[in-house]
1. Please note which strands (runs of 3 or more DSSP E) are completely contained in segment 62-165 and include at least 1 residues that are at pLDDT below 90 and of a type outside the set (D, E, K, R).
2. Name the residues in segment 30-46 that are surrounded by 13 or more Cβ atoms within 10 Å (Cβ to Cβ) and over 21 Å from Leu85 (Cα atoms), would you?
3. Of the conditions (1) buried (at least 16 other Cβ atoms within 10 Å of the Cβ); (2) among the acidic types (Asp, Glu); (3) modelled with pLDDT under 85, Glu24 clears all except one; give me its number.
4. Pairs under 8 Å by beta carbon, first residue touching a residue at least 60 places away in the same chain (Cβ under 8 Å) and on the phi < 0 side of the Ramachandran plot in segment 42-68, partner basic (Lys, Arg) and surrounded by fewer than 18 Cβ atoms within 10 Å (Cβ to Cβ), six or more apart or different chains?
5. Quick check on segment 56-63. Is at least one of its residues outside the structural domain of Asn136 (by TED's automatic domain parsing), of a type in the set (Asp, Glu), within 22 Å of Phe142 (Cβ to Cβ) and out of contact with any Ser or Thr (no Cβ under 9 Å at 6 or more places or on another chain)?
6. Search segment 118-141 for residues that are closer than 14 Å to Gly47 by Cβ and pair each with any residue that is outside any strand (DSSP E or B) and among the small types (Gly, Ala, Ser) when their beta-carbon atoms are under 7 Å apart and the residues are at least 6 apart or on different chains.
Amino acid sequence: MEGCGAERARRQLRFRQGPVQFSEADGINFTEIAKLTPDVILAAYSGLTEEDYKKLSEIAPVVAHPEVAYGTSWQDSTSIIGKALGKEAEATKLIADTAATVKAEAAKYPQISGKSFIYGYADPADLTSTGFYTANDNRPKFLSAIGMKLARSPRRLPPAPRTSL
C-alpha cells in the first residue's frame with residue numbers, strides 16, 4: 001500500500017509542477033517519456049508516424065490523430081481526448097463554451113473581418129528556415145473562423161499526406 005501512496009504523491013507533485021515538455025528538434029525522446037510512466041499519451045494533434053505510434057504504444061495507450069498529421073481541429077482533438085478519458089460531457093461543454101467565448105471576443109474586432117493573412121514561422125533550430133502554415137493547420141483555421149481570409153498562396157498548397165495509425 002505504501003507504494004500506491006508514494007506513486008500518487010509523485011504524480012500530484014508532477015501535476016502541480018506542470019507538464020514536462022521536450023524539444024522535438026531531435027525527434028521524440030522515447031526514453032524520457034517512458035521514465036514519466038504516463039497512463040496515456042495524448043497526440044490527437046500531432047505528426048506521429050506509424051513508427052512513432054508503435055514505440056509510444058509500448059509505453060502507454062496512445063490517442064493519435066485520426067487522419068491528417070497536424071490536421072485535427074481543436075474541437076475534434078478535445079472531443080477525441082474527452083472520449084479517451086471518459087469525460088465526453090465535459091469535453092462537449094468545453095468546446096461549446098470556448099466557441100462562444102471566441103465568437104464574443106472576435107465580435108469586439110469587426111475590423112479584422114475579411115482581412116487576409118499568412119501565418120508564418122521560423123525554425124528555432126535553423127533561423128534561415130522559414131515557412132507558413134496551410135489551411136489544414138489550427139492556427140490559420142482559427143483566424144479563418146473569426147472572419148479573416150487565408151492569403152491565396154497557402155490556400156493553393158496541397159494538403160499534407162494522409163497517414164493511418
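1. 120-123, 126-132
2. Listed by number, the list holds a single entry, Phe30.
3. Single failed check for Glu24: (1).
4. From segment 42-68, the pairs are Glu67/Arg162; Val68/Arg162.
5. no
6. Listed pairs, sorted by first residue: Asn136/Gly71; Asn136/Ala160; Asn138/Ser73.
The values are calculated or read from the model by the stated rules, or taken from the named source; none is laboratory data. Given the structure is predicted, the values throughout are model-derived calculations rather than measurements. Virtual Cβ from ideal backbone geometry, glycine too; neighbours counted across all protein chains shown.
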